[in-house]
Amino acid sequence: MYIHFVSLGRVSYAEGLAIQERVVAARKAGEIGDTLLLLEHPPVLTLGRNSKRENVLTSDEFLRSRGVELHEINRGGDVTYHGPGQLVGYPIIDLRGDWPGKKGPHLGPVDYVRLLEEVLIRTCGDFRVMTERIKGCTGVWTAPNSGAPAKKVAAIGVHVSQGVTSHGFALNVTTDLRDFQWIIPCGITNKGVTSLEVESPMEPPPTMEAAINATAKNFGRIFQRQMIWAESLEDMFSSASLNVL
């Protein structure tokens, strides 16, 4: 059993949404198998279903002056930031498949999120960054060290329609953390954000390419699938259609 994945590079958020819609429609129609999209976005703020506009701390005029888009979308969660140096993953998978931890006719959304967290915890560990879950706070957080507070290194917000997932996760690799000052990330006021670049003791520091490779590897391990890489979206559609689950 397979998951096809493609690294799309940096694409606008609107283009990313259009790509997701295309892949989700194809997955629902059974035209392709399960798929993982990995990409970066230019600076953008997204507001999930549970978001509060007051968690955006800057004016629309300021955002426009910086070329920062704002999108209201259907994923779970509050406001978050995407930008260069952040690895964004959009898994498009059918939760009715044979997934680890599945207890009924489909993998539950909460269990699915826990699997995504485990992928990211393993990925951070590959760069010697110890992370953990925090009860009541979806995402992946640095483990407290010498009294230092936990900081979020990866955010998660998903959507499920007819058993098929969209949206996903955002892992800060070399992200400019100053941009998070524009928002209250995920509506959480008492915890900060960080990145692999800041936290990893490795030299040279983690690169986006290394993070992509580690994430794809760990996704396959946690979801118990062979990962098949495609050079482009069209190549992915061509190869995925030959291996529909």
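The values are calculated or read from the model by the stated rules, or taken from the named source; none is laboratory data. Predicted model, so just to flag it, every value in this text is computed and none were measured. Please note: Cβ atoms are built from the backbone with ideal geometry, for glycine as well, and neighbour counts cover all protein chains shown. Accessible surface areas use protein heavy atoms only, side chains included; no ligands, DNA or RNA. Shrake-Rupley method; radii C 1.70, N 1.55, O 1.52, S 1.80 Å.
Suppose the filter is without any contact (Cβ under 8 Å) to a residue 60 or more places away in the chain and surrounded by 19 or more Cβ atoms within 10 Å (Cβ to Cβ); does VAL173 pass it?
No.
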Test: residue in segment 85-102 that is of a type in the set (S, T, N, Q) and closer than 19 Å to ALA210 by Cα | yes
Qualifying residue in segment 44-67 (condition: under 18 Å from SER232 (Cα atoms) and within 16 Å of the chain's Cα centre (by Cα)) = no
Determine which single condition ALA154 fails, assuming it passes every other condition in (1) free of Cβ contacts under 8 Å to residues at least 60 places away in the same chain; (2) out of contact with any helix residue (DSSP H, G or I) (no Cβ under 7 Å at 6 or more places or on another chain); (3) not acidic (Asp, Glu).
-> (2)
Per the list (1) in contact with a Pro (Cβ under 8 Å, 6 or more places away or on another chain); (2) of a type in the set (Ser, Thr, Tyr); (3) surrounded by fewer than 17 Cβ atoms within 10 Å (Cβ to Cβ), residue check on SER161 breaks on (1)
When segment 207-245 is examined, which residues are found to be within 23 Å of HIS82 (Cβ to Cβ), modelled with pLDDT under 95 and of a type outside the set (A, V, I, L, M, F, W, C)?
-> SER232
Are there any pairs, at least 6 apart or on different chains, whose C-beta atoms fall under 9 Å, with the first in segment 230-245 and closer than 18 Å to PRO91 by Cβ and buried (at least 16 other Cβ atoms within 10 Å of the Cβ) and the second of a type in the set (D, E, K, R) and modelled with pLDDT under 90, and if so, which?
-> none
From the set of residues in segment 116-141 that are over 12 Å from VAL158 (Cα atoms) and hydroxyl-bearing (Ser, Thr, Tyr), which is surrounded by the most Cβ atoms within 10 Å (Cβ to Cβ)?
-> THR123
Within segment 10-59, which residues are over 25 Å from ASP78 (Cα atoms) and either open to solvent by 10 Å² or more (accessible area, probe 1.4 Å) or in contact with a Ser or Thr (Cβ under 6 Å, 6 or more places away or on another chain) (or both)?
-> ALA25, ARG27, LYS28, ALA29, GLY30, GLU31, ILE32
Residue pairs meeting the criteria (Cβ under 9 Å; at least 6 apart or on separate chains; first crowded, with 16+ Cβ neighbours inside 10 Å, in segment 96-115; second modelled with pLDDT under 95 and of a type in the set (Ser, Thr, Tyr)) = VAL113/THR138
Go through segment 64-89 residue by residue and tally those that are open to solvent by 20 Å² or more (accessible area, probe 1.4 Å), within 27 Å of GLY136 (Cα to Cα) and in contact with a Phe, Trp or Tyr (Cβ under 7 Å, 6 or more places away or on another chain).
-> 1
Could you list, in sequence order, the residues of segment 7-52 that are small (Gly, Ala, Ser) and part of a loop (DSSP other than H, G, I, E, B)?
-> SER12, ALA29, GLY30, GLY33, GLY48, SER51
